[in-house]
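A short worksheet on the structure shown next.
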Amino acid sequence: MTLRRSTVFISFTALGLAALFVIAADAGLRGRGAAQALAQKRWLVKSLALTDLALFTDARYTRHPAMADLHSPFQDYPISLEHFPSGSLMPPPPHVRTHGRR
Amino acid sequence: MGGVEKQRCIIDFTLSSLLRRKGKNGALLVVYTLVVFLLASVMLFTQAIRKEAAAVLADAPELVVQRIVAGRHDLIPLDYMGKIGAIRGVRAVSGRLWGYYYDPLFGANYTLVVPEEQAGGLGEIAVGQGVARSSMASEGNIMPFHTHDGRLVSLTVARVLPASTELVSSDLILLTAEDFRMLFGVPAGVATDLVVAVANPAEVPTIAAKIARLLPDTRPIARSEILRTYDAAFSWRSGILLAILAGALLAFLIFAWDKATGLSAEERREIGILKAVGWETGDVLAMKFWEGSVISLSAFLAGVVLAYLHVFVAAAPLFEPVLKGWSVLYPRFRLTPSLDFAQLAVLFFLVVVPYAVATIVPAWRAATVDPDAVMRG
């Protein structure tokens, strides 16, 4: 006996919805499991007085965007082109853009 | 025939009709799934990294004071600590010593930090996992450093920082203040910047304004500004993420527009025949609704599940080349998964609903015309 096409579609949709619930449950479980790792990171940030994530180590202003000085997004001169690919991901911090206007 | 059975029969017919144009609809489904996958991956990644940054940096210094000389961050005299400490509401002021070191041997940039509480002895360092990986160093090994005056000194790796902290410590090297000053030639009376602890967090902006007035060559940076920096950096509105999203959305709009503005001659003839054999306009619209739903719902479910696996199980390998940029050290980290149903709902209404509607409108136009006229074209 061959399956009706609608049965295949309904089964696929049900499977997809079940997968959504499974990933939601997985997110919840893994989130709880990550509490210890988060506590370790927070402890390190507090004890070393860290200000930034170690995501981009290619340039000063991408390694420490929160500490970047006012000219750093332009590095050499105000209309110089961006050197690093991560610069296109990391815009100048808001407090640098609003400097002197708050 | 019951309502449910009727709809199932329409779905059967719709799927047969879709399978008759296997190649076209298969390609459509793949492209659609890719669009959803890309959008959902960006959404899940940015959401998770923003949450992670906010959680991790919640204990960042309340106020950091930098000295600016000729537009650049400069060393700050430690006697500024006394002036800042005298401001009402300031609980404590301490100097931070940190800087960058370029290792020509491995082509990597390290961040050297002096912990406030001495962790190791003179000549000893603690290194992050990224440093240990790139320089192949482990506990007990020595690492060579060039001092500011050209000498070569070796420091012993006493400890490797835990892998769970890699997101904040990958490129760190912790060392003593004496070793730091010896390496970089930083004189005794200065620090890289100052960290100010404030008694009442609500007073931070007032104290920052007082510091800026009292010491005009300084720039105070509050914790809220640090958090806002990361919020802005990984928001939907920024940089390359916007470009990816805009590109994907525009491509999708063109795609949906193309679908909405016309049926193929074959599809029009099919509608005409269905009407001629007794299908009502409502049945034709139901068929077209299911046609749109089968494709868009399948693409949405597959795209979201694949995006979750990509970002949280495989650690976002497709984004790594962009995130990594030119840096030699890149932290290996797994983001804490978070699934925001509100955002998923937005994605659903952005990609599924317009497509389903776009397939109904032209079919409604064709189904309301006389079957004979439709079949004749």
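If you check residue B:17 against the conditions, is it small (Gly, Ala, Ser), modelled with pLDDT under 90, under 38 Å from the mean Cα position of the chain (by Cα) and surrounded by 12 or more Cβ atoms within 10 Å (Cβ to Cβ)? Show your work before the answer.
Working: small (Gly, Ala, Ser): yes; modelled with pLDDT under 90: yes; under 38 Å from the mean Cα position of the chain (by Cα): no; surrounded by 12 or more Cβ atoms within 10 Å (Cβ to Cβ): yes.
Considered against the rule, which asks whether it is small (Gly, Ala, Ser), modelled with pLDDT under 90, under 38 Å from the mean Cα position of the chain (by Cα) and surrounded by 12 or more Cβ atoms within 10 Å (Cβ to Cβ), residue B:17 comes out as no.
Which count do you get for residues in the range A:1-16 that are within 14 Å of residue B:303 (Cα to Cα) and within 7 Å of chain B (Cβ to nearest Cβ)? Adding up the residues that qualify gives 3.
Residues that are surrounded by fewer than 20 Cβ atoms within 10 Å (Cβ to Cβ) and of a type in the set (A, V, I, L, M, F, W, C) within the range B:287-301 comprise just one, B:289.
Across the range B:59-72, what is the total count of residues that are without any contact (Cβ under 8 Å) to a residue 60 or more places away in the chain and within 27 Å of residue B:174 (Cβ to Cβ)? Qualifying residue count for the region: 2. Residues in the range B:185-224 that are surrounded by 20 or more Cβ atoms within 10 Å (Cβ to Cβ) and part of a helix (DSSP H, G or I): 4 in all. The set of residues in the range B:117-139 that are away from chain A (no Cβ under 14 Å) and under 21 Å from residue B:164 (Cα atoms) comprises B:136, B:137, B:138, B:139. Taking the criterion of being more than 20 Å from residue A:59 (Cα to Cα), without any contact (Cβ under 8 Å) to a residue 60 or more places away in the chain and within 14 Å of chain A (Cβ to nearest Cβ), the residues of the range B:74-116 that qualify are B:115, B:116.
If you go through the range B:318-377, how many residues are among the basic types (Lys, Arg), in a loop (DSSP other than H, G, I, E, B) and in contact with a Ser or Thr (Cβ under 9 Å, 6 or more places away or on another chain)?
First, the residues of the range B:318-377 that are among the basic types (Lys, Arg): B:324, B:332, B:334, B:365, B:376.
Right, trim to in a loop (DSSP other than H, G, I, E, B) and you get B:332, B:334.
Then drop every residue that is not in contact with a Ser or Thr (Cβ under 9 Å, 6 or more places away or on another chain), which leaves B:332.
Here the count works out to 1.
Per this entry, residue B:92 is not counted among residues that are outside any loop (DSSP other than H, G, I, E, B) and under 27 Å from the mean Cα position of the chain (by Cα).
Here is a yes/no grid of residues against (1) in contact with a Gly (Cβ under 9 Å, 6 or more places away or on another chain); (2) assigned to a strand (DSSP E or B); (3) surrounded by fewer than 22 Cβ atoms within 10 Å (Cβ to Cβ):
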site: B:28; (1), (2), (3): no, no, yes
site: B:34; (1), (2), (3): yes, no, yes
site: B:40; (1), (2), (3): yes, no, no
site: B:44; (1), (2), (3): no, no, no
site: B:49; (1), (2), (3): no, no, no
site: B:57; (1), (2), (3): no, no, no
site: B:61; (1), (2), (3): no, no, no
site: B:65; (1), (2), (3): no, yes, no
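Which ones in the range B:67-77 are surrounded by 16 or more Cβ atoms within 10 Å (Cβ to Cβ) and touching a Leu at 6+ places or on another chain (Cβ under 9 Å)? Once the filter is applied, which keeps residues that are surrounded by 16 or more Cβ atoms within 10 Å (Cβ to Cβ) and touching a Leu at 6+ places or on another chain (Cβ under 9 Å), the range B:67-77 yields B:67, B:68, B:76.
The values are calculated or read from the model by the stated rules, or taken from the named source; none is laboratory data. These numbers were taken from a predicted model, which means no experiment stands behind them. Methodologically, a virtual Cβ is constructed for each residue, glycine included, from the backbone with ideal geometry; neighbour enumeration extends over all protein chains shown.
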